[in-house]
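The values are calculated or read from the model by the stated rules, or taken from the named source; none is laboratory data. Since we're looking at a predicted model, the values are computed, not measured. Methodologically, a virtual Cβ is constructed for each residue, glycine included, from the backbone with ideal geometry; neighbour enumeration extends over all protein chains shown. The area values use the complete protein model at the heavy-atom level, side chains included, leaving out ligands, DNA and RNA. Shrake-Rupley method; radii C 1.70, N 1.55, O 1.52, S 1.80 Å.
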Amino acid sequence: MNETASLDGIARNIVALLARQGGMTRSDIASALKLSKGRVSVITGQLLSRGVIEEYASVPSGRRPSSLLRLHPKYASFIGVSLHNREASAVVIDPNGTILAKTFFERGDDYETTIRRISDAVTTLRNECAPETNFQAVGVALPAYVSMDKQVCITSSVLGWENLDVSAAISEEVGLPVFVENDTNALAVYESMFGSMRQIPAFVVMAVGDGIGVAYTIGGSVHHGEYGGAGELAHLPVAQSLSQELPRPCRCGNKGCLETVSSSQAIKTRAREVGLPSNIHLISTKAREGDPEALRILHTAANSLGYAAASLIQILDPRHIIVAIDDDLLHGVFAAVLRQFVEQNLMPSFNRPERLQLTCYDTLVWATGAAGLASRKHLFRSC
């Protein structure tokens, strides 16, 4: 049952606020929504009696403690699927982001196989959850350019998909509303709903893997641009100005794109060409040992990525820019060079050390972000 659809305007706004912000007191809600405390008390009392929200903790406030409210864990559940990696992942979360079940599967080599495996994963997750679990929607994170209505994969060079109504295909299989999103945008949704950026109005996520994705969140929502293509920094032409080698062809059709220099795949390709192991861990180890070719490859990749990060900071002025990289790049030459380049190429007023945050995400975070997308679309018609 879609309980959210039966809520009136103010009650729906309270549900949406709690979905965005997490635990809040009645006073916090009244202040955020510019309502009287009495009105909020009446409506939250109704939501409590219907099992939509719950009191779960107390905080000191004046003469007596105030109760923190959040969405009831059994109010609704959402499924998230991530095709970010070849080993795809899927989760079920409650409205507060707690993972209730998880599974992994190999994404297919063709569209039909992948859709079938997603459907099988959803079935597996539903069977693992309690019979009374209130499934509401599915979110799918794709390494792709996705339509603004979250239905169609417009293009994905990774998956080889073009203009496919992924949402309708999966929805027909699983019997639930399905929303698709670019995988880095889904990662930004995770951070704004359940991660360290929950209270941060403006931040950037830059994800570096076989490709490079960027998402900019402002006011709690991902900025998609006029046609949904915002964040395609992977195809910023950097090689001619920051690399001494000739620009290389990119899968987008151009040459010298950031992705051809700074992605994990680009680093491994260059290492293989000079006789080094095509393994990020071993390349990083070689660099720490002083191998000149490993140092050159990592310096070039980190400087190019640092150029992109510094440009984003000075153009968008976000509170933080999170750069998600391979764990083997997180502690060593690559990370040190990246930080140094960003610091050296920012105006003094922009140069705050806490802006740049380097991290390595667990694979389930991508799927949780996809589930968060489904939650947002269901609970407050936003992403």
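Give the range 126-164 a look and list any residue that's β-branched (Val, Ile, Thr), surrounded by fewer than 23 Cβ atoms within 10 Å (Cβ to Cβ) and touching a helix residue (DSSP H, G or I) at 6+ places or on another chain (Cβ under 8 Å), or say none. Hits for the range 126-164 are 133, 152.
Selection of first residues in the range 313-337 that are on the phi > 0 side of the Ramachandran plot and of second residues that are surrounded by fewer than 20 Cβ atoms within 10 Å (Cβ to Cβ) and not in a loop (DSSP other than H, G, I, E, B), restricted to Cβ pairs under 9 Å at least 6 apart or on distinct chains, gives the following pairs, ordered by first then second residue: 317/202; 317/350; 332/285; 332/288. What do you reckon, is residue 167 open to solvent by 10 Å² or more (accessible area, probe 1.4 Å), free of Cβ contacts under 8 Å to residues at least 40 places away in the same chain and outside any loop (DSSP other than H, G, I, E, B)? When the stated conditions are applied, residue 167 does not pass them.
For residue 284, the conditions (1) part of a helix (DSSP H, G or I); (2) surrounded by fewer than 18 Cβ atoms within 10 Å (Cβ to Cβ) all hold with the exception of (2). When residue 323 is tested against (1) surrounded by fewer than 22 Cβ atoms within 10 Å (Cβ to Cβ); (2) outside any helix (DSSP H, G or I), just one condition goes unmet, and that condition is (1). Scanning the range 354-368 for residues that are in a helix (DSSP H, G or I) and either within 15 Å of residue 141 (Cα to Cα) or open to solvent by 20 Å² or more (accessible area, probe 1.4 Å) (or both) yields 354, 363, 364, 365, 366, 367, 368.
Got a sec? Which of 205, 222 is in contact (Cβ under 8 Å) with a residue 12 or more places away in the chain, in contact with a Leu (Cβ under 7 Å, 6 or more places away or on another chain) and either within 22 Å of residue 354 (Cα to Cα) or open to solvent by less than 10 Å² (accessible area, probe 1.4 Å) (or both)?
Details: 222 fails: in contact with a Leu (Cβ under 7 Å, 6 or more places away or on another chain).
Step by step, each of 205, 222 is checked, and only 205 is in contact (Cβ under 8 Å) with a residue 12 or more places away in the chain, in contact with a Leu (Cβ under 7 Å, 6 or more places away or on another chain) and either within 22 Å of residue 354 (Cα to Cα) or open to solvent by less than 10 Å² (accessible area, probe 1.4 Å) (or both).
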